[in-house]
Amino acid sequence: MSESCIFCRIIRGELPSTMLYQDQQAVAFKDIAPIAPVHILIVPRQHLESAAETTAENALLIGHLIRVAAHVAREQGIAESGYRLVTNIGKDGGQEVFHLHWHLLGGRQMRGLG
Ligand code: AMP
C-alpha cells in the first residue's frame, strides 16, 4: 500500500470510482477518461509500480489479472467482438499512474499500436 497512490486510495475507498469487479487480489473500475466505449482498469490490490517491477513471486498474480480481464470482458459483452489489454511501463510507455494496471479496451475497432 502506498499512502498517496491514486489507485491505492481508490482501492481503500478514499476516492470515488465505478467499481465493476473485486476479489481478494484484484479490482476493476472504469477509467475516468475513457478512450473506447469499454475502458476498464484491472488493478492488483498489491502496490507494484509496473509490470517491470514484478518478480517470480508475482507470477500467479499476473496470471490472475489476465483472467480477471477476460472475466470482465465477458461481463461487458465484448468477449466475442474482441478487445485489447495494455499495460504501460515508464515514461516512453505512457505510464501516468505508477501502480501496475491493465487497460481493458473494447467496443470499437482498435488500430495501430501507439
Ligand atoms: P497509464 O497512463 O497507463 O498510467 O494509465 C492511467 C490511467 O488511469 C489513465 O487512463 C487515466 O485516465 C486513469 N485514471 C487516472 N485517475 C483516475 C481515477 N481517479 N479514476 C479512474 N481512472 C483514473
task: Working only within the stretch 13-32, note down all residues that are of a type outside the set (Phe, Trp, Tyr) and in contact with a Ser or Thr (Cβ under 7 Å, 6 or more places away or on another chain).
output: Lys30
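How many residues does the stretch 80-93 hold that are within 18 Å of the chain's Cα centre (by Cα) and either closer than 19 Å to Lys30 by Cβ or open to solvent by 40 Å² or more (accessible area, probe 1.4 Å) (or both)?
Going through the stretch 80-93 one residue at a time, the tally reaches 8.
Could you tell me whether Val38 is open to solvent by less than 20 Å² (accessible area, probe 1.4 Å), within 14 Å of the chain's Cα centre (by Cα), among the aliphatic types (A, V, I, L, M) and within 11 Å of the ligand (Cβ to nearest atom)?
No; evaluated as a whole, the condition is false for this residue.
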- prompt: Which residues, taken from the stretch 1-35, are more than 15 Å from the chain's Cα centre (by Cα) and aliphatic (A, V, I, L, M)?
  reply: Met1, Leu15
query: Failed condition for Ile66, given (1) open to solvent by 30 Å² or more (accessible area, probe 1.4 Å); (2) free of Cβ contacts under 8 Å to residues at least 24 places away in the same chain; (3) of a type in the set (A, V, I, L, M, F, W, C), with all others met?
result: (2)
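Just a yes or no: is a residue in the stretch 9-18 among the aliphatic types (A, V, I, L, M), part of a loop (DSSP other than H, G, I, E, B) and either within 16 Å of the ligand (Cβ to nearest atom) or open to solvent by 30 Å² or more (accessible area, probe 1.4 Å) (or both)?
So the first thing to find is which residues in the stretch 9-18 are among the aliphatic types (A, V, I, L, M), and the list is 10-11, 15.
Retained after the next criterion (residues that are part of a loop (DSSP other than H, G, I, E, B)): 15.
Cutting the leftovers down to either within 16 Å of the ligand (Cβ to nearest atom) or open to solvent by 30 Å² or more (accessible area, probe 1.4 Å) (or both) gives us 15.
Yes, there is a match, as at least one residue in the stretch 9-18 is among the aliphatic types (A, V, I, L, M), part of a loop (DSSP other than H, G, I, E, B) and either within 16 Å of the ligand (Cβ to nearest atom) or open to solvent by 30 Å² or more (accessible area, probe 1.4 Å) (or both).
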message: Looking only at residues that are open to solvent by less than 30 Å² (accessible area, probe 1.4 Å) and farther than 20 Å from Ile11 by Cβ in the stretch 94-114, which one is farthest from the ligand (Cβ to nearest atom)?
response: Gly106
- request: Name the single residue, out of those in the stretch 19-35 being crowded, with 17+ Cβ neighbours inside 10 Å and more than 21 Å from Lys91 (Cβ to Cβ), that is nearest to the ligand (Cβ to nearest atom).
  value: Phe29
- prompt: Among the residues of the stretch 41-52, is any within 9 Å of the ligand (Cβ to nearest atom), surrounded by fewer than 17 Cβ atoms within 10 Å (Cβ to Cβ) and more than 14 Å from the chain's Cα centre (by Cα)?
  reply: no
message: Against the definition (among the aliphatic types (A, V, I, L, M) and farther than 22 Å from Arg111 by Cβ), how does Val86 come out, yes or no?
response: no
task: Determine which single condition Gly77 fails, assuming it passes every other condition in (1) open to solvent by 30 Å² or more (accessible area, probe 1.4 Å); (2) within 14 Å of the ligand (Cβ to nearest atom); (3) in a loop (DSSP other than H, G, I, E, B).
output: (2)
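The values are calculated or read from the model by the stated rules, or taken from the named source; none is laboratory data. Since the structure is predicted, the reported quantities are computational estimates derived from the model, not experimental observations. FYI the Cβ positions are ideal-geometry reconstructions off the backbone, even for glycines, and counts take in every protein chain you see. Only protein heavy atoms, including side chains, enter the accessible area calculation; ligands, DNA and RNA are left aside. Shrake-Rupley method; radii C 1.70, N 1.55, O 1.52, S 1.80 Å.
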